[in-house]
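Quick notes on the structure that follows.
The values are calculated or read from the model by the stated rules, or taken from the named source; none is laboratory data. As the structure is a prediction and not an experimental result, all values here were calculated from the model. Here the Cβ positions follow ideal geometry from the backbone for every residue, glycine too, while neighbour counts run over all protein chains shown. Protein only, heavy atoms only, side chains kept; ligands, DNA and RNA dropped before computing areas. Shrake-Rupley method; radii C 1.70, N 1.55, O 1.52, S 1.80 Å.
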Amino acid sequence: MVGKACEGDWEYRTDRAPVPVKITVKKFIGDDWMIACMVPKGNMMHCMVREAEGTLKQIKYNTTDKELPVEIMEVEGLMADFFEGGITDIKREGESLRLTSGGKEMVFTLDKDKSM
């Protein structure tokens, strides 16, 4: 389950885009968490999730709507679909962060550029 160790900056590298996907996880007031996601030169996506009885429930999802460069369209579509599925779990595993949404999982790694 999501905990203080999940907070921070993470990235997802894929050969589908020339730049890594960046996410930030931040604890808000009470049991609320914010997950912000961006593919550089793309749209900003963010969602709010709430911890309740040992599970997460996505309570809000927003995205900007700007025109995308062709080289990031595929990976941004993948990320938008993932976030729209509703984040239901976030777990830290060493230097990796596993997010579950809509029955699918994605694994992000610690953003080395931000942690230095």
*How about the stretch 14-72: which strands (runs of 3 or more DSSP E) wholly inside it have at least 3 residues that are open to solvent by less than 20 Å² (accessible area, probe 1.4 Å) and touching a Lys or Arg at 6+ places or on another chain (Cβ under 6 Å)?*
none
*Any idea which of (1) loosely packed, with under 15 Cβ neighbours inside 10 Å; (2) at pLDDT 95 or above is the one F108 doesn't satisfy?*
(1)
*Within the stretch 76-91, is even one residue open to solvent by 90 Å² or more (accessible area, probe 1.4 Å) and at positive phi?*
no
*If you check every pair at least six apart or on different chains, which have Cβ atoms under 6 Å apart with a residue in the stretch 24-49 that is farther than 20 Å from T109 by Cβ first and a residue that is among the β-branched types (V, I, T) and open to solvent by 30 Å² or more (accessible area, probe 1.4 Å) second?*
N43/T63; N43/T64; M44/T64; M48/I59
*Among the residues of the stretch 48-102 satisfying the criterion of being over 24 Å from A17 (Cβ atoms) and among the β-branched types (V, I, T), which is farthest from the chain's Cα centre (by Cα)?*
T55
_Can you report the number of residues in the stretch 73-116 which are within 21 Å of I59 (Cα to Cα) and not in a helix (DSSP H, G or I)?_
17
_Residue count, the stretch 1-13 (criterion: open to solvent by less than 20 Å² (accessible area, probe 1.4 Å) and under 10 Å from the mean Cα position of the chain (by Cα))_ = 2
*G86 touching a Ser or Thr at 6+ places or on another chain (Cβ under 7 Å) and among the small types (G, A, S)*: yes
